[in-house]
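A.B. asks: Please see the structure below; I have some questions.
FYI, it's all coordinate maths here, none of it is from the lab. All figures in this text were calculated on a predicted structure; none of them were measured in a lab. Cβ placement follows ideal geometry from the backbone for every residue including glycine, while neighbour counts extend to all protein chains displayed.
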Amino acid sequence: MESMRKNTKGQWIALSGLVISLILIGLAALANQAAIAGYHSSNAALEFPKENIRELNSHTRDNARIIKDLSFEINSTSNETIPFIFEQLFDNYSTQIQNLYASHGETADVSLVSINSTNGTFGIDDIDLIFVNITYNDGSTHYVSQPEIIEVR
Amino acid sequence: MRKLSKNEEGVSILFEYILFSLICIGFFMIITTNSDDIFMKTPNEAVMQDEMSDIGNMMSTMITDMYLILPENGYIDTEYRIPAKAGREEYMINADIAYTDQIIEVISSSSGKKVRVTIGGIATTMPINGTALSSSTNHVISYDSRR
């Protein structure tokens, strides 16, 4: 057997080693570029509290309708007026929303501005618009809707 | 005559030395004169292109998202964070041409590099304007229905 030092029959192996190492260097450069691409755009889509604000809005709309129906139900068995019951129920809802949002580090507040009716009386078909102030703040995004006009008919 | 491929006798060591030296000197001359282009400018271009279109897309995403939840009566403002430099250069986000062209530009003032991102036709229903420098401390997008 020839000694390793004098054996020169390894040209192709040496050459393929070089080619493979060059390919690896190229791949590493590509992978490094790919790692930084698209961070900010995807981060903006994730971090911006779009869904939170939409939920707060649609919950408030839904609940205004539910509260209206509930206050008529309660009114049939109690002496309180409908606006009074409505305000009480809405205050409850407001407290719950504040606690819920505070538990994931956001400030949210919904407060009743006015209950509007077309002819001044508060019958089941008369109350049509509820005005509500909605504010939301998560530290970087500040949302204020005052008033949010909710149709409850 | 032996075949050329089987002939293992090459040039003399002295001549080989001169040949190699000349090749190496030529090679290194080319490399040194172009080193700034090859090692700094080209990678910087690639990184800037990536980062600037990334930031343009971020602005486009945020504006579209805000547009979806705008209050009818009220206001919304949101802070965002962007890197002070793309590659080695500061840049400016320019939304002033959004109204006519439906695009947002990210421009580097030092090299003039420019990346444009569309905002999907929002500006026809709602005017969008303003510029933001990457080096300023606060960046805010805001909307107010009363303005």
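A.B. asks: How far is helix A:82-103 tilted, in degrees, relative to the longest principal axis of the Cα atoms in chain A, given as a value from 0 to 90 rounded to the nearest 10?
C.D. replies: That works out to roughly 20 degrees.
A.B. asks: Another one. If I model a spin label as a point 7 Å beyond the Cα along the Cα-Cβ vector, how far apart are those points for B:Lys85 and A:Ala28 in nm?
C.D. replies: 2.4 nm
A.B. asks: With a cap of 15 neighbouring Cβ atoms within 10 Å, and only residues DSSP puts in a loop, list the GluC sites (Glu not before Pro) found in segment A:29-102. Provide the component values of the computation, followed by the final result.
C.D. replies: Numbers: sites: A:Glu47, A:Glu51, A:Glu55, A:Glu73, A:Glu80, A:Glu87; in loops: A:Glu80.
Answer in residue order: A:Glu80.
A.B. asks: Let me ask something additional. Per residue of segment A:139-150, in order, report the coupling 6.51 cos²θ - 1.76 cosθ + 1.60 (Karplus, θ = phi - 60°) as ³J(HN,Hα) in whole Hz, putting x for Gly and Pro.
C.D. replies: My calculation for segment A:139-150 gives x, 10, 10, 10, 10, 9, 10, 9, x, 7, 9, 10 Hz in order.
A.B. asks: Mark the label point 7 Å from the Cα of B:Ser135 along Cα→Cβ and return the residues of segment B:42-86 whose backbone N is within less than 11 Å of it.
C.D. replies: What the label zone holds, given the 11 Å backbone N cut-off, is B:85.
A.B. asks: Working out 0.36 nm times the residue gap between A:Arg65 and A:Lys9, then minus their Cα-Cα distance, what length gain in nm do you get to one decimal?
C.D. replies: Working it through step by step, the gained length comes to 11.4 nm.
A.B. asks: Report Rg(Cα)/(2.2 N^0.38 Å) for segment B:13-144, keeping two decimals.
C.D. replies: Its radius of gyration relative to the 2.2 N^0.38 Å reference: 1.62.
A.B. asks: On a 0 to 90 degree scale, rounded to 10, what angle separates helix B:13-35 from the longest Cα axis of chain B?
C.D. replies: Here the helix axis deviates by roughly 10 degrees.
A.B. asks: If you line up the long axis of helix B:42-69 against the longest principal axis of chain B, both from Cα atoms, how many degrees apart are they, to the nearest 10?
C.D. replies: 20 degrees
A.B. asks: Also, quick follow-up: Pairs of alpha-carbon atoms within less than 8 angstrom and 6+ residues apart define the contacts here; what relative contact order does chain B have, in percent?
C.D. replies: 25 percent
A.B. asks: Given charges of +1 on the Cβ of Lys and Arg and -1 on the Cβ of Asp and Glu, with all other atoms neutral, how large is the dipole of chain B about its Cα centre, in debye to the nearest 20? Write out the running numbers ahead of the final one.
C.D. replies: Values: 12 positive and 19 negative charges, 83 e Å.
About 400 debye.
A.B. asks: Something else about it: Whose amide H sits under 5 Å from the amide H of B:Asp96, counting only residues 5 or more places off or on another chain, with H placed in the peptide plane?
C.D. replies: The list, which skips near neighbours in sequence, is B:Gly130.
A.B. asks: Provide Rg over Rh for the protein assembly as shown; use the alpha carbon set for both Rg and the Kirkwood Rh (inverse mean inverse pair distance).
C.D. replies: On the way: Rg = 33.8 Å, Rh = 25.5 Å.
Here Rg/Rh amounts to 1.32.
A.B. asks: Right, something else. Given only helices, namely DSSP H runs of n ≥ 4 each adding -39500 (n - 2.57), what is the per-residue ellipticity at 222 nm of the protein assembly as shown, to the nearest 500 deg cm²/dmol? Spell out each step's value before the answer.
C.D. replies: Details: 7 runs with 138 residues, N = 300.
So the helix-based figure for the protein assembly as shown works out to -16000 deg cm²/dmol.
A.B. asks: About its Cα centre, how strong a charge dipole does segment A:49-151 have in debye, to the nearest 20, once Lys and Arg get +1 and Asp and Glu get -1 at the Cβ? Intermediate results must be reported in sequence, preceding the final value.
C.D. replies: Details: 5 positive and 16 negative charges, 36 e Å.
That gives a dipole near 180 debye.
A.B. asks: I would also like to ask the following. Towards the positive end of the charge dipole of segment A:49-151, with charges on Cβ (+1 Lys, Arg; -1 Asp, Glu), say which of A:Ser117, A:Ile74, A:Ser145 has the farthest Cα.
C.D. replies: Working it through, the farthest residue towards the positive pole turns out to be A:Ser145.
A.B. asks: Can you find, among B:Ile76, A:Ser16, B:Thr137, the residue farthest towards the positive end of the dipole of the protein assembly as shown? Put +1 on the C-beta of Lys and Arg, -1 on that of Asp and Glu.
C.D. replies: Going by the Cα projections, it comes out as A:Ser16.
A.B. asks: Sum up the charges of everything whose Cβ sits under 10 Å from the Cβ of B:Met62, counting Lys and Arg as +1 and Asp and Glu as -1, but leave B:Met62 out.
C.D. replies: -1
A.B. asks: Roughly what percent of Cα-Cα pairs across segment A:1-72 reach past 18 Å?
C.D. replies: 73 percent
A.B. asks: Here is a follow-up. So what is the relative contact order for chain A, in percent, with contacts set as C-alpha pairs under 8 Å and at least six apart?
C.D. replies: Value for chain A: 16 percent.
A.B. asks: Hey, any idea what the orientation-averaged projected area of the convex hull of chain A's Cα atoms comes to, in nm²? Could the numbers behind the result be given before it?
C.D. replies: Details: hull surface 70.1 nm².
Spelled out: convex hull of the Cα atoms, projected over all directions, averaged, 17.5 nm².
A.B. asks: Would you be so kind as to identify which of B:Met66, B:Gln49, B:Gly10 lies farthest towards the positive end of the dipole of segment B:1-96, taking Lys and Arg as +1 and Asp and Glu as -1 on Cβ and the Cα centre as origin?
C.D. replies: The Cα lying farthest towards the positive end belongs to B:Gly10.
A.B. asks: Would you work out the charge dipole size for segment A:21-76 about its Cα centre, treating the Cβ of every Lys and Arg as +1 and the Cβ of every Asp and Glu as -1, and quote it to the nearest 20 debye?
C.D. replies: Its charge dipole is roughly 140 debye.
A.B. asks: Convert 25 °C to kelvin, take the viscosity as 0.890 mPa s, use the Kirkwood radius over C-alpha pairs of segment A:92-137 as Rh, and evaluate the Stokes-Einstein diffusion coefficient in µm²/s, rounded to a whole number.
C.D. replies: Translational diffusion coefficient: 203 µm²/s.
A.B. asks: Cut-off under 22 Å on the C-alpha distance; same-chain residues fewer than 8 positions from B:Lys85 excluded. Which lysines are left, in chain and number order?
C.D. replies: List returned: B:Lys41, B:Lys113, B:Lys114.
A.B. asks: Same structure again: Points 7 angstrom from Cα along the Cβ direction at A:Gln96 and B:Lys41: gap in nanometres?
C.D. replies: Inter-label distance under the simple model: 6.6 nm.
A.B. asks: For segment B:110-120, what does the Karplus curve 6.51 cos²θ - 1.76 cosθ + 1.60, with θ = phi - 60°, yield as ³J(HN,Hα) per residue in whole Hz, taken in order and with x for Gly and Pro?
C.D. replies: 6, 10, x, 5, 9, 10, 10, 10, 7, 10, x
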